[in-house]
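Visitor: Sharing a structure below in structure tokens format, with a few things to ask.
The values are calculated or read from the model by the stated rules, or taken from the named source; none is laboratory data. As the structure is a computational prediction, the values presented were derived from the model and not from experiment. Cβ placement follows ideal geometry from the backbone for every residue including glycine, while neighbour counts extend to all protein chains displayed.
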Amino acid sequence: MRYLLPTFLLVGLVAMMLLRGYVHNEIIPDHRVRPPASISQVPDDIIEGGPVIDSRDKTAKPKSLTIPKHKLVLTFDDGPDPTWSPQVLDVLKKYGAHATFFVTGTMTSQHPELVRRMVAEGHEVGVHTFDHPDLSYQSASRIKWELSQTQLALAGAAGIRSSLFRPPYSSFADAMDNKSWPVTQYIGTLGYITVLDSTDSEDWQRPGVSKIIENATPKHGDGAVVLMHDSGGDRSQTVKALETFLPQMQKDGYSFDTVTQALGAPSAHTPVTGIDKWKGRAFIGAVSFADRGTDVLIAGLSVVGFLVILRFGLMLVLSFAHSRKVRRRRFRWGARITEPVSVLVPAYNERECIAKTVNSLMQSDHPIEVIVIDDGSTDGTADIVEAMWLPNVHVVRQENAGKPAALNNGIAHASYDLVVMMDGDTVFEPATVRELVQPFGDPRVGAVAGNAKVGNRNSLIGAWQHIEYVMGFNLDRRMYDLLQIMPTIPGAIGAFRRTALERVGGMSEDTLAEDTDITIAMHRDGWRVVYAEKARAWTEAPESVQQLWSQRYRWSYGTMQAIWKHRRSFIERGPSGRFGRVGLPLIALFMIVAPLLAPLIDLFLIYGLIFGPTEKTIIAWLGVLAFQAICAAYAFRLDKERMVHLISLPLQQVLYRQLMYVVLVQSWITALTGGRLRWQKLRRTGAVQAPGSIPTQRGHSAGADRRPVG
């Protein structure tokens, strides 16, 4: 069930984009135009007749109708267009003229209000197919589909059905040939009157206003069907020509009527009622939703692009500045820290890892005491530690109460003012504790974030998380360090002043992201939180998608809880207000909004590959990936990591985006429904070992290493 709603939302987005492609003539476009063919099968009466052809009666001979003298039928093809159709309608209204608009289904579904206006102002509307293909290339089923879909759009837009039809790329009656005539006959059997033209203004060529007027003017007072366009390009010349053409022809005794008015026939419009009307409205509503929804998605994609560029740009610039600061020869936090440190190791069922974790601490080159807080383990975790008989290693047992309670219990048992916290599946290098506590030489520093690294990076999932830790977490922390808005001290490696912990009330159980919660609390209390990149901890990342999902679900939901808990800092003064107005928005943008919108990058990649423009889409997507690769390579260089793992970066970016989308949607659902998550235990293998550490057999004690500590 956890994947159902996110999957439903993704399917909905895909359906919405497909509908948009459908109504914008992007799914099945066909722009072929057939060259002239033989006219041997076309009746002479049709070729020599008028522009209106009625072949509806299968038992009778097709009729060719001519427009009476001094009557002009202005026809406009390819609309309605949101720019030009209103201007054409304004000119027609100004001079009391009526016209016939041959609309396409694609444009009608996008701009139904213009079709409603045409009908309301007494104009006639005809069918010009749905997406403007040359019907002589199409099958009978495709022709029927083109007509029925346009009628569906008309029903939804204006509540009518029209019996008028004009084929795309049509011309005069004498241009009818053996390819177009069968189409005209077939369409007649479907109940349509075909309207061609007898005077072509050629306004689509934009020959100039005077030329358009000259082309549109019939000779000797003859009646005519005049072809013009209100869509398909710049129609400013058409609008200007109408301003002169209409009053000039009216002065010459012409009237401007619709097709049926000029022929003295009943209206071509038939009201649509019942289920057909509601189907049309539903279609128009769906198209409107798809268009607006896609516009929102495009805006969201712009936000994502901006956030990606902003984030990586900030990370590159500030990380470079951070590295220069750290590497300055004379840079020091203050007096060198040599005093002993308490190391807290909360553990719940860590049988596979705990021996390596404790043994790595025994190799520390800084004086420490180790306090293992067994949180009600059922696998003998505490027994393993006690059987190691290591000096300065203490075991505290408690009933299962969760990680924050275990850490608070450890703080209560700690002997020293500086407290290091780590996970039970993490191993430290010998220099880790020493490097981690040096920033406390600055009395303003209340907490220090270490450099958490993935130890099990040989699998594909492990390699992806390795990239994420180096590129996403550690590069971020360098940026946040300089901005003095460090959002999270990782649970795998962090250090605190005990006095600072006591001032903020210790580790809180209010959220599932106790590390983010305590970090924000430190900022709000006025303490500096910094990053010690040389203090490295090796942790075992989840090795399956299921475990990774569980971990990120807890992190995401916990981060939301922490932001909500500390929301008042946004309006407060002092250090709390500074973090609230700078740190909280950045956390929300980079950890919640950007990952939630990130799948849009891949959705629009798919959309662009299918509907185009393909080349621009691929270039844009590769450009984003290249920017990410540059940032990743720089992060790997700063962390002195091998670049070989970046081979999997493209796949990691695509799949992680979808995973984080699912995680965040599920987190939002949990938050909005008031659900609760517990501190979840991930399955560990104990395979992680710090580089250069003394190997320890998994599942056995390390009691042989009993050298005094401190």
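Visitor: Can you confirm whether region 387-395 contains a residue that is within 46 Å of the chain's Cα centre (by Cα) and surrounded by fewer than 22 Cβ atoms within 10 Å (Cβ to Cβ)?
Guide: Taking every residue of region 387-395 in turn, none turns out to be within 46 Å of the chain's Cα centre (by Cα) and surrounded by fewer than 22 Cβ atoms within 10 Å (Cβ to Cβ).
Visitor: Still on this model: Can you pull out every residue in region 86-128 that is in a helix (DSSP H, G or I), crowded, with 24+ Cβ neighbours inside 10 Å and in contact with an Asp or Glu (Cβ under 6 Å, 6 or more places away or on another chain)?
Guide: V88
Visitor: Further question: (1) buried (at least 20 other Cβ atoms within 10 Å of the Cβ); (2) free of Cβ contacts under 8 Å to residues at least 12 places away in the same chain: which one isn't true of D230, the others all being true?
Guide: The single condition D230 does not satisfy is (2).
Visitor: Could you go through region 466-487 and let me know if any residue there is surrounded by fewer than 24 Cβ atoms within 10 Å (Cβ to Cβ), under 40 Å from the mean Cα position of the chain (by Cα) and assigned to a loop (DSSP other than H, G, I, E, B).
Guide: Checked against the condition, which is being surrounded by fewer than 24 Cβ atoms within 10 Å (Cβ to Cβ), under 40 Å from the mean Cα position of the chain (by Cα) and assigned to a loop (DSSP other than H, G, I, E, B), region 466-487 yields at least one hit.
Visitor: Answer yes if at least one residue in region 64-76 is under 21 Å from F289 (Cα atoms) and either at pLDDT 95 or above or not in a strand (DSSP E or B) (or both), and no otherwise. Let's see the steps before the verdict.
Guide: The first filter runs over region 64-76 and keeps only residues under 21 Å from F289 (Cα atoms), leaving none.
There is no residue in region 64-76 that is under 21 Å from F289 (Cα atoms) and either at pLDDT 95 or above or not in a strand (DSSP E or B) (or both).
Visitor: How many residues are touching a residue at least 60 places away in the same chain (Cβ under 8 Å), closer than 18 Å to E339 by Cβ and among the hydrophobic types (A, V, I, L, M, F, W, C) if we restrict to region 491-518?
Guide: So the count comes out to 3.
Visitor: Looking for something surrounded by 20 or more Cβ atoms within 10 Å (Cβ to Cβ), in the same structural domain as A224 (by TED's automatic domain parsing), assigned to a loop (DSSP other than H, G, I, E, B) and at pLDDT 95 or above - is there at least one such residue anywhere in region 38-53?
Guide: Scanning region 38-53 turns up no residue that is surrounded by 20 or more Cβ atoms within 10 Å (Cβ to Cβ), in the same structural domain as A224 (by TED's automatic domain parsing), assigned to a loop (DSSP other than H, G, I, E, B) and at pLDDT 95 or above.
Visitor: Does G313 satisfy the condition of being surrounded by fewer than 22 Cβ atoms within 10 Å (Cβ to Cβ) and assigned to a helix (DSSP H, G or I)?
Guide: yes
Visitor: So which residues in region 566-584 are surrounded by fewer than 17 Cβ atoms within 10 Å (Cβ to Cβ) and without any contact (Cβ under 8 Å) to a residue 60 or more places away in the chain?
Guide: Residues satisfying the conditions are R567, R568, F570, I571, E572, R573, G574, G577, R581.
Visitor: Another question, if that's okay. Could you list all residues from region 632-650 that are in contact (Cβ under 8 Å) with a residue 24 or more places away in the chain and either of a type in the set (S, T, Y) or closer than 25 Å to V545 by Cβ (or both)? Don't jump to the end; show me each part of the working.
Guide: Here is the first cut: in region 632-650, the residues in contact (Cβ under 8 Å) with a residue 24 or more places away in the chain are 632, 634-636, 638-639, 641, 645-646, 648-650.
Answer for region 632-650, where residues must be in contact (Cβ under 8 Å) with a residue 24 or more places away in the chain and either of a type in the set (S, T, Y) or closer than 25 Å to V545 by Cβ (or both): A632, Y634, A635, F636, E641, H645, L646, S648, L649, P650.
Visitor: Moving on. Looking for whichever is more than 39 Å from the chain's Cα centre (by Cα) and modelled with pLDDT of 95 or more here; the options are V448, V420. Which one fits?
Guide: Matching residue, one of V448, V420: V420.
Visitor: List pairs: first residue in region 363-392 and over 17 Å from H413 (Cβ atoms), second residue of a type in the set (K, R) and surrounded by fewer than 18 Cβ atoms within 10 Å (Cβ to Cβ) anywhere in the structure, Cβ distance under 7 angstrom, at least six positions apart or on different chains.
Guide: Listed by first residue and then by second, the contacts come to W389/R706.
Visitor: Looking at D374, D365, can you tell me which residue is touching a helix residue (DSSP H, G or I) at 6+ places or on another chain (Cβ under 9 Å) and crowded, with 24+ Cβ neighbours inside 10 Å?
Guide: D374
Visitor: Among the candidates L190, L164, which residue alone is crowded, with 23+ Cβ neighbours inside 10 Å and either at pLDDT below 95 or not aromatic (F, W, Y) (or both)?
Guide: L164
Visitor: So, in region 338-347, of the ones that are assigned to a strand (DSSP E or B) and touching a Leu at 6+ places or on another chain (Cβ under 9 Å), which residue ends up surrounded by the most Cβ atoms within 10 Å (Cβ to Cβ)?
Guide: V343
Visitor: To continue, here is another question. I'd like to check something: does region 508-529 contain any residue that is modelled with pLDDT under 90, surrounded by fewer than 19 Cβ atoms within 10 Å (Cβ to Cβ) and part of a helix (DSSP H, G or I)?
Guide: no
Visitor: Among the residues of region 488-507, how many are part of a helix (DSSP H, G or I) and more than 27 Å from V427 (Cβ to Cβ)?
Guide: 3
Visitor: Let me ask something else. Restricting attention to region 30-61, which residues are hydroxyl-bearing (S, T, Y) and over 24 Å from H132 (Cβ atoms)?
Guide: Correct list: S38, S40, T59.
Visitor: List the helices (runs of 4 or more DSSP H) that sit entirely inside region 543-623 and contain at least 1 residues that are more than 16 Å from A513 (Cβ to Cβ) and more than 24 Å from the chain's Cα centre (by Cα).
Guide: 545-565, 574-578
Visitor: Separate question: Yes or no: region 352-361 includes at least one residue that is buried (at least 20 other Cβ atoms within 10 Å of the Cβ), under 18 Å from S508 (Cα atoms) and touching a helix residue (DSSP H, G or I) at 6+ places or on another chain (Cβ under 8 Å).
Guide: No: region 352-361 contains no residue that is buried (at least 20 other Cβ atoms within 10 Å of the Cβ), under 18 Å from S508 (Cα atoms) and touching a helix residue (DSSP H, G or I) at 6+ places or on another chain (Cβ under 8 Å).
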